[in-house]
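The values are calculated or read from the model by the stated rules, or taken from the named source; none is laboratory data. Note that the coordinates shown come from a computational prediction; the quantities given were computed from them, not determined experimentally. Methodologically, a virtual Cβ is constructed for each residue, glycine included, from the backbone with ideal geometry; neighbour enumeration extends over all protein chains shown. Ligands, DNA and RNA are excluded from the accessible area calculation, which covers all protein heavy atoms including side chains. Shrake-Rupley method; radii C 1.70, N 1.55, O 1.52, S 1.80 Å.
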Amino acid sequence: MTQEKQPITTNSAVPFPSTAVAAEAARDDAGIAKEDTAWTDRPEPAAGLAPITVAAPTPEPQDTAEGAPGRAPKMRADSISVFYGEKQALKDVSIQIHEDRVTAFIGPSGCGKSTFLRCFNRMNDTISGARVTGRIELDGEDINSAQMDVVHLRARVGMVFQKPNPFPKSIFENVAYGPRIHGLADKKADLEGIVEKSLKRAGLWDEVKDRLAESGTALSGGQQQRLCIARAIAVDPEVILMDEPASALDPIATAKIEELIHELRGRYAIAIVTHNMQQAARVSQRTAFFHLGELIEYGRTSDIFTNPREERTQDYITGRYG
Amino acid sequence: MSSAALSRWSGNEMQRRVSKRYAAERRFKLLGLLAVGLSVAFLAFLLVTMLARGLGGLSATFLSGSDSTDPALAGVWGALKGSFLTILVTIALAFPIGVLSAVYLEEFARRNRWTDLIEVSINNLAAVPSIIFGLLGLAVFLNVLHLPRSAPLVGGLTLALMTMPVIVIAGRNAIKSVPPSIRDAALGVGASKMQVVFHHVLPLALPGILTGTIIGMARALGETAPLLMIGMRAFIAAPPQGITDPATVLPVQIFLWSDEVSRGFVEKTSAAIIVLLVFMLLMNGIAIYLRNRFERRW
Amino acid sequence: MSLTLALAAVLAIAAAAAYLGRNKAAGLRGGGARLNSLPSYHGGYVFLWAALPPLLLLAIWLPIHNALVEQAVSASPAGQQLPDFAMVREAILTEAREIATGQREAGFNPESAKLAPVYRSTMAHYAWIGGGLAILLALAGAAWALTRVRASFRARSGVERWVMGALVGASLIAILTTLGIVLSLLFESLRFFSMVPPAEFLFGTQWSPQMALRADQAGSSGAFGSLPLFWGTVFIGAIIAMVVAIPLGLMSAIFLTQYAPAKLRSVLKPALEILAGIPTVVYGYFAALTVAPAVRDIGINLGVGSASSESALAAGLVMGIMIIPLVSSMADDSIAAVPQSMRDGSLALGATRSETIKKVVLPAALPGVVGGVLLAVSRAIGETMIVVMAAGLAANLTLNPFESVTTVTTQIVQLLTGDQEFDSPKTLAAFALGLVLFVITLILNLIALRVVRKYREAYE
């Protein structure tokens, strides 16, 4: 994957984050086009300032929500149901997560979107009484099969949580933790390299490079969350799951996280849970709308926000409930 | 990238590393199981030893008799009655004082140096070695106040000072767990602060307080050292008639018999331990039952 | 009249007055007045005023009463004939009191029989004074409170002020207890240190408090170097017991909180709680009867010739087992306080459970665990019965766990049981030992409680 600068083609008069969004979208599409000619996704339109304005794209039959032809999804969830004891939290949900794209899960609280996200790296295993049925594949492999090692799975499918949860260790140790347990670096210099690279990718390096020995909990909330992202990146995952990563942060820190998501999109398949619709519109290319444990609608973000098929989606997006 | 990652995770070296990590995981879990197993095995071993040694000593004479120099005639009734009277004094003093302190500290006290001092005192008293309370009892109750030696009254007073902090701490936790909305509701209909506490908060906190009290009483029932200090180790052949009569208590009786050289007393000691353990288990069982039965999540 | 009778009389007066007060208030209401407080509050108000002051008086009177009686008896003609020697004199007086109150049929000293009637009459005399005062106070309180029963009177506030007083009084008991402990230990210790220099006590290595058969006997002062005692205490309580309790307790807590399925946990946890509830005298007996001989045999088989049947190892082992539940439950609390999000963060990176526990949960829970261990040490060094029954009396400064050592608590029990004589250094030494023990455990407890509280606040 390349991150080199591509010519910015969209207007630059729209202030941040839209600029970044627009630029990203353009750059990204160019990159994809260069890499994979079968990929004919049109430029994702920029999300403007509120109210949500997503430029209506021309519908393209070959790029459906079910994925582009000729390109297998990174992860595929097939009729997933989740039960907490007797209670069913998720009903028969099927979805795909693609590389190089951000998929947003939206919906009112308690709709099961976080529960669903946790299925992708089997974090629901840690909740006693939780039971998952259905099939989830990573590169075509069943993640719940006996061959799939949960340790491997979680290394390949990283996760960032709602509340920043740095370990009560130094900044360096926080990032080095993952590579250490997986033995990704034999020499100290390698480890330092990984830490530096991860912090740079998370956009935190300049802020913390002089105080790597300080405790991770001493950082501000936004920095902590970027530290957690750096920590997830350090094991070089293929997919990153983000569970409302900015909900506990102030607007400026949120903007930084969103910008970061854009930069990361080129490298990782990203799935993000958010209750903030503007955020979904700004950062994602695919959106899934959940309600009461059901997947109501899944499609291109632009379609969902401008032209939803379902009335419930329409109601939610226009703020009639949620 | 994905193919590179795949080969990295499925490479031989990584496979070996992961199997090593899983082996460590299993070892660690086994170690934990071993630790619990060892502790529980010790408990089982202790109980079995006591039962094997003492069951033969349990008889009607044993349960109805008092201390005697002849192991065949010795019994635990005297000591049991002493324990009963002592605990009665303890509970009569420690329960009201403990509950009232807890109410004051949790509901009324403003945070200042005095209440901090009270809090530190209580937390510390709960962890002071019991023998220190024995020294206090000896110095104050016997030498200054001239209360009768070896009497359940003094034993109960001493143990009350020892258990009171336990009840205060349990009481505060129970009171704390009553949600503020209940207080607001009662205050809203015009109840005074005192009425709120005694009509609403205390009844709701009572199961928690009782659980703490029973555990405290069980501890007091099994306590030996402080009672040795106030002279409850005398040879007493007649059950006490009142709280000022010289008496001994069950744990002290066990201690005294354990010192006897005569073979017959080994069986008697174990039998007395069985009796004591039955009472302890009964009290702890009631406490656990109360906790499970009435524990409320708000 | 006995004081018990006075007590009953006071309560009866108060009850009667409360009834009158309640009826008076109810009558006011019947007369059409609107009462500020319910009639029962008026009754309660009158009761408290009639009962509490005399009860307080009696509580204060009781100790003074005994002192006054003793003084008067000593001053009486029969009392003046008593021997001057304090110990004998005390013994006779005590016997006389016990005969007078019916606790004892006859004394060993014939004088006590003569003194008993004097004792009885003096007691009756002072009981009359105290009881009479109490009853007068009850009547006065009742009368005054009854005059205040009016429609506009805020009886409820009055009652609540009394209850508030009771609440404050109850919480002061904790401070009074602490004060009582400190003062009594300090007072007796100062007397001890006037006989034995503190430096010798704290740093001396010879401990042999002689049995003083007679006060004038030569060489009765003995040697009071307590260093071997403190070494023994630390050796058994802080070293051997902790070597057993910390790994077992910590691993038990980890297994129960992180690994055990809910069903297993619901069986094992109460089992550990039972282990915590077993009286120490039972542990002591078990240590002396079963563990100590086994440890001695092992020692002899290992070629340790000095292996004692009262070894430090036996006492320490059993004490360690006794402490396991304490360490385990403290560790359990600390581990449970580590936020789940932190655990999730580690698991989501692909760490195994044991890696998460060892590298994230335990370091995060460490302050809480350390606090728990400090409390456990404090508990172990103050533990008495196990060492009294299983450790020896020989004050050795040894590193050999198969040898016998003695501890502070063992010596306190040893010094204070049997015939005592209150002014001898031997008896007073127990209080000096108690003072040092109290100070050490106080410091440990304060540090531990502070560490644990800081830790809890960090995650709230």
* **So A:PRO179, is it open to solvent by less than 10 Å² (accessible area, probe 1.4 Å), in a loop (DSSP other than H, G, I, E, B) and either without any contact (Cβ under 8 Å) to a residue 12 or more places away in the chain or within 11 Å of another protein chain (Cβ to nearest Cβ) (or both)** => no
* **Criterion: out of contact with any Ser or Thr (no Cβ under 7 Å at 6 or more places or on another chain), open to solvent by less than 30 Å² (accessible area, probe 1.4 Å) and within 13 Å of chain C (Cβ to nearest Cβ) - qualifying residue of B:VAL128, B:VAL168, B:VAL197** => B:VAL197
* To do: From the list B:SER121, B:SER150, pick out the single residue that is over 29 Å from C:LEU167 (Cβ atoms) and modelled with pLDDT under 95.
  => B:SER150
* Go through (1) surrounded by fewer than 21 Cβ atoms within 10 Å (Cβ to Cβ); (2) within 10 Å of chain C (Cβ to nearest Cβ) one by one and return the number of the condition B:LEU277 breaks. => (1)
* Structure fact -> C:ALA155 fails exactly one of (1) modelled with pLDDT of 85 or more; (2) within 14 Å of chain B (Cβ to nearest Cβ), namely (1)
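Quick grid of which residues meet (1) farther than 15 Å from C:THR417 by Cβ; (2) facing chain C (nearest Cβ under 8 Å); (3) in a loop (DSSP other than H, G, I, E, B); (4) among the basic types (Lys, Arg):
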{"residue": "B:PRO226", "(1), (2), (3), (4)": "no, no, no, no"}
{"residue": "B:MET232", "(1), (2), (3), (4)": "no, no, yes, no"}
{"residue": "B:PHE235", "(1), (2), (3), (4)": "no, no, yes, no"}
{"residue": "B:PRO239", "(1), (2), (3), (4)": "yes, no, yes, no"}
{"residue": "B:THR244", "(1), (2), (3), (4)": "yes, yes, yes, no"}
{"residue": "B:THR248", "(1), (2), (3), (4)": "no, no, yes, no"}
* Structure fact -> Filtering the stretch B:178-211 down to residues that are modelled with pLDDT of 90 or more and among the small types (Gly, Ala, Ser) yields B:ALA205
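For residues in the stretch C:445-455 being open to solvent by 30 Å² or more (accessible area, probe 1.4 Å) and within 20 Å of the chain's Cα centre (by Cα), which is farthest from B:SER121 (Cα to Cα)?
Restricting to residues being open to solvent by 30 Å² or more (accessible area, probe 1.4 Å) and within 20 Å of the chain's Cα centre (by Cα), the top hit is C:LEU449.
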* To do: Looking only at the stretch C:397-416, decide whether some residue is at pLDDT 90 or above, more than 14 Å from chain B (Cβ to nearest Cβ) and surrounded by fewer than 24 Cβ atoms within 10 Å (Cβ to Cβ).
  => no
* So B:ARG26 clears everything in (1) within 11 Å of chain C (Cβ to nearest Cβ); (2) basic (Lys, Arg); (3) in contact (Cβ under 8 Å) with a residue 40 or more places away in the chain except one condition, right? Which one? -> (3)
* Asked: Can you tell which of A:THR133, A:THR126 is open to solvent by 10 Å² or more (accessible area, probe 1.4 Å), polar (S, T, N, Q) and modelled with pLDDT under 90?
  -> A:THR126
* Criterion (open to solvent by less than 20 Å² (accessible area, probe 1.4 Å) and on the phi < 0 side of the Ramachandran plot) met by exactly one of B:ALA234, B:ALA218, B:ALA191 -> B:ALA218
* Say whether the condition of being within 14 Å of A:LEU241 (Cα to Cα), open to solvent by 10 Å² or more (accessible area, probe 1.4 Å) and touching a residue at least 60 places away in the same chain (Cβ under 8 Å) is met by at least one residue in the stretch A:265-281. => yes
* **Failed item in (1) open to solvent by less than 40 Å² (accessible area, probe 1.4 Å); (2) of a type outside the set (Gly, Ala, Ser); (3) more than 8 Å from chain C (Cβ to nearest Cβ), with A:PHE167 passing the rest** => (3)
* Asked: Can you name every residue in the stretch B:101-114 that is open to solvent by 10 Å² or more (accessible area, probe 1.4 Å) and within 7 Å of chain C (Cβ to nearest Cβ)?
  -> B:TYR104, B:LEU105, B:PHE108
* Asked: Do you know which residues across the stretch A:244-297 are among the polar types (S, T, N, Q) and part of a loop (DSSP other than H, G, I, E, B)?
  -> A:SER247, A:THR274, A:ASN276, A:SER284, A:GLN285
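Residues to consider are A:GLU192, A:GLU173; find the one that is within 12 Å of chain C (Cβ to nearest Cβ), open to solvent by 50 Å² or more (accessible area, probe 1.4 Å) and in a helix (DSSP H, G or I).
The unique qualifying residue is A:GLU173.
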* To do: Please tell me if B:THR90 is touching a residue at least 40 places away in the same chain (Cβ under 8 Å) and among the polar types (S, T, N, Q).
  => yes
* **Matching residues in the stretch C:237-266 - criterion: being surrounded by fewer than 17 Cβ atoms within 10 Å (Cβ to Cβ), within 11 Å of chain B (Cβ to nearest Cβ) and not hydroxyl-bearing (Ser, Thr, Tyr)** => C:PRO247, C:LEU264, C:ARG265
* With respect to C:SER346, is the statement that it is within 8 Å of another protein chain (Cβ to nearest Cβ), crowded, with 23+ Cβ neighbours inside 10 Å and in a helix (DSSP H, G or I) true? -> yes
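Conditions (1) open to solvent by 70 Å² or more (accessible area, probe 1.4 Å); (2) more than 30 Å from B:ILE122 (Cα to Cα); (3) of a type in the set (Ser, Thr, Tyr), marked per residue:
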{"site": "C:VAL118", "(1), (2), (3)": "no, yes, no"}
{"site": "C:ALA138", "(1), (2), (3)": "no, yes, no"}
{"site": "C:TRP144", "(1), (2), (3)": "yes, yes, no"}
{"site": "C:THR147", "(1), (2), (3)": "yes, yes, yes"}
{"site": "C:ALA155", "(1), (2), (3)": "no, yes, no"}
{"site": "C:GLU160", "(1), (2), (3)": "no, no, no"}
* **Identity of the residue in the stretch C:423-442, among the β-branched types (Val, Ile, Thr) and more than 10 Å from every other protein chain (Cβ to nearest Cβ), that ends up most open to solvent (accessible area, probe 1.4 Å)** => C:VAL439
* Could you figure out which of (1) open to solvent by 20 Å² or more (accessible area, probe 1.4 Å); (2) more than 7 Å from every other protein chain (Cβ to nearest Cβ) isn't true of B:ALA160? => (1)
* Taking into account only those residues within the stretch A:55-100 that are at pLDDT below 85 and charged (D, E, K, R), which is farthest from A:VAL239 (Cα to Cα)? -> A:GLU60
* Starting from residues that are within 9 Å of another protein chain (Cβ to nearest Cβ) and open to solvent by 10 Å² or more (accessible area, probe 1.4 Å), keep the ones in the stretch B:256-274 and report whichever is modelled with the highest pLDDT. => B:SER258
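Residue-wise test of (1) part of a helix (DSSP H, G or I); (2) over 30 Å from C:LEU416 (Cβ atoms); (3) within 8 Å of another protein chain (Cβ to nearest Cβ).
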site	(1), (2), (3)
B:ASP116	yes, yes, no
B:PHE133	yes, no, yes
B:LEU147	no, no, no
B:SER150	no, no, no
B:GLY212	yes, yes, no
